[in-house]
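The values are calculated or read from the model by the stated rules, or taken from the named source; none is laboratory data. Since this is a predicted model, take the numbers as computed values, not measurements. Every residue, glycine among them, receives a Cβ derived from its backbone with ideal geometry; neighbour counts consider all protein chains shown. Only protein heavy atoms, including side chains, enter the accessible area calculation; ligands, DNA and RNA are left aside. Shrake-Rupley method; radii C 1.70, N 1.55, O 1.52, S 1.80 Å.
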Amino acid sequence: MNSELRRTLALGQELFNAVGLIKAGFGQIQNVGAGNDFYHLPLLTLASGFERFMKVTLCFRWLEGNGSFPNKAIFPSGRAGHDLNLLLKKVRKECFLVDYIKNVPVAQSDFEYLNSEGLLAFVSVLSDFGQAARYYNLDVIVGRQVQTDDPDAAWQRLETEILLTRKDLMDEIEKNPASDRIRIEINNEVVARLERLARAIARLYTIGRIGSEAKRYLVYVGCFLHLTDAELGTRKYELSGRAL
């Protein structure tokens, strides 16, 4: 197998893995509730999935712009290589081209959303997790200075912020504190925000024009690409990340 073919196959496989991880992470978020507060698993899965999704997307953009595969210098090494905030910034800068934003109505909406506080708060927690927070407890055990907040607590604070903005859920707490609907609605809102991120990236593979090679893989990102606004947060995902 020659080098170009090997790299092409690896690119497709990495995209496949990224989408599978993200879908599995959504399923794991939907499974959080009474009797299951194991946040570490969805944080691990989603941090890895979105890191891979953004890196593969940037590889496709490089391939289109330069006519060759990128070298290892395209991404920072070490901890910075897992910085989702930095990767998302590169996606906004390098993939959301001026003509795309100007001529495609949904592109402007996507671009604004990728800069929104409601999304970036979650991306930042996942970014911290990917860089260092996944070892938070081990750092505490060995007495190493921790560089991030407890990831579970940070994620739960974001969930609380969602709860506080939902009058219907606050009313439900007063009437029935044990209601399953409260947890389900919060989980769905979290998934909806991250689905919208995944959809914005997926759109780059077609109307975003990041390259002809990227279009060959539309079937991989179709689960996000064809999501309507009304469907955000309503789909049920399998824990394995398999297609529904």
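Axis of helix 117-131 versus longest Cα principal axis of the chain: the two differ by about 80°, to the nearest ten degrees. Taking the chain as the reference, fit the longest principal axis to its C-alpha atoms, fit the long axis of helix 180-203 to the helix C-alpha atoms, and give the angle between the two in degrees, 0 to 90, nearest 10. Between the helix axis and the principal axis of the chain, the angle is about 10 degrees. Add +1 for every Lys or Arg and -1 for every Asp or Glu among the other residues with Cβ under 11 Å from the Cβ of residue 237, and state the total. Counting the neighbours of residue 237, the net charge comes to +2. Counting only protein heavy atoms and a probe of 1.4 Å, the accessible surface of the chain is 53% carbon and sulfur. So what is the relative contact order of segment 146-244, in percent, for Cα pairs below 8 Å that sit 6 or more residues apart? Answer for segment 146-244 is 23 percent. When you work out D = kT/(6 pi eta Rh) for the chain at 10 °C and 1.306 mPa s, using the Kirkwood radius from C-alpha pairs as Rh and the Stokes-Einstein form, the result is 84 µm²/s.
The value obtained for segment 1-141, namely the Cα convex hull volume divided by the number of residues, is 148 Å³ per residue. Once both labels are positioned 7 Å from their Cα atoms along Cα-to-Cβ, the gap between residue 98 and residue 31 label points is 4.8 nm.
Which loop-located trypsin sites (Lys or Arg not before Pro) does segment 173-236 contain, where loop means any DSSP state but H, G, I, E or B and the Cβ has at most 16 other Cβ atoms within 10 Å?
Numbers: sites: 175, 181, 183, 193, 196, 199, 203, 209, 215, 216, 235, 236; in loops: 209, 216, 235, 236.
Those satisfying the criteria are 216, 236.
Between segment 94-173 and segment 14-80, the C-alpha centres lie 14 angstrom from each other.
Just add up the charged neighbours of residue 223: K/R +1, D/E -1, any other residue whose Cβ is under 9 Å from the Cβ of residue 223. Could you put the intermediate results ahead of the total?
On the way: positive: 23, 235; negative: none.
It works out to a net charge of +2.
Any chance you could list the semi-axes, whole Å, largest first, of the equivalent ellipsoid that the Cα gyration tensor gives for segment 142-198, using √(5λ)? Can you show the working numbers first?
On the way: eigenvalues 145, 53, 16 Å².
In descending order the semi-axes read 27, 16, 9 Å.
Over the chain, accessible surface divided per residue gives 52 Å², non-protein components excluded, 1.4 Å probe.
With runs of 4+ DSSP H residues as the only contributors, calculate the mean residue ellipticity of the chain at 222 nm using -39,500 (n - 2.57) per run, divided by the residue total and rounded to the nearest 500.
Details: 12 runs with 164 residues, N = 244.
After summing the helix terms and dividing by the residues of the chain, the value is -21500 deg cm²/dmol.
Looking at the chain, how many pairs of lysines come closer than 12 Å at the Cα, when each pair is eight or more places apart or spans two chains? The result is 4.
Please pull out the direction-averaged projected area of segment 167-244, using the convex hull of its alpha-carbon atoms, in nm² to one decimal place.
Convex hull of Cα atoms, orientation-averaged projection: 6.4 nm².
Sorted from greatest to least, the principal axis extents spanned by the alpha carbons of segment 1-40 come out as 52, 13, 9 Å.
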